[in-house]
1. Taking Lys68 as the anchor, which aspartates and glutamates have their alpha carbon closer than 17 Å to its alpha carbon, excluding any fewer than eight residues away along the same chain?
2. Compute the FRET efficiency between Ala124 and Ser58 as 1/(1 + (r/R0)^6), taking r as their Cβ-Cβ distance and R0 = 22 Å, and round to the nearest 0.05.
3. Say the dipole of the stretch 88-194 comes from +1 at the beta carbon of Lys and Arg and -1 at that of Asp and Glu; which of Val159, Leu117, Pro105 then lies farthest toward its positive end?
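Every read-out reported here was derived from the displayed coordinates using simple, explicitly stated rules and does not represent laboratory data. A quick note: this is a predicted structure, and the numbers were derived from the prediction, not measured. Every residue, glycine among them, receives a Cβ derived from its backbone with ideal geometry; neighbour counts consider all protein chains shown.
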Amino acid sequence: MKLEPRDLQKIQWVALLAALLIAVAVAVGIWVSGDTRKAQSERDAAAARKTEIERRLSQVRTEEQEIKARTEQYRQMELAGVIGPEQRLDWTELLRDLQHQLRLPGMSYEFGPQVALEALPDAAYGFYSSQLKIQLRLLHEEDLLNFVARLQHDAKALVLVRNCKLARLTPAAAGGGPARLAAECTMEWVTLRRASGAKKP
């Protein structure tokens with residue numbers, strides 16, 4: 001079979017059309033690939049934004065729980081009388097009441113000056129301590145345990161026992177009274193109050 005010039009011309013047009021179609025297909029493929037990459041990039045960005053939002057939401061919830069817990073702690077301390085200025089008159093009345101209720105044969109005590117436990121710059125509140133040195137006459141060891149437990153429960157302060165010494169009394173030291181033991185204790189009465197110079201919220 002012999003190709004005529006007209007046949008070559010027809011084949012040329014077909015080849016050109018095929019090349020054009022291939023070029024169009026390649027262009028469409030590139031365009032679709034670009035759109036796919038763009039869609040993937042947008043999807044990744046959306047996923048990253050979602051993760052960041054979830055992280056912030058979790059952080060806010062954690063902070064909210066911490067604030068609630070601290071608020072409850074503050075409320076409990078306020079109810080217990082730990083927050084505010086020291087109330088020495090109430091403290092001395094409590095000591096006398098406990099001596100009477102527990103029938104302790106003897107008691108003497110002395111409160112030291114109130115001092116700041118630590119100085120934190122820019123702190124709105126600070127912890128303050130008043131040291132109590134107390135001597136007790138007791139019938140038995142349980143009197144001391146009951147006294148300290150009642151003191152820590154009823155005092156309008158946080159009462160921390162630093163040390164206690166317990167000694168048996170000789171009949172001469174007891175002076176003919178019912179006391180059998182002598183106790184000497186050092187305690188810290190801690191309160192929380194607004195630091196000097198701090199502004200009210």
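1. Straight-line reach from Lys68, under 17 Å: Glu78.
2. Details: r = 28 Å, r/R0 = 1.27.
After rounding to 0.05, the efficiency reads 0.20.
3. Pro105
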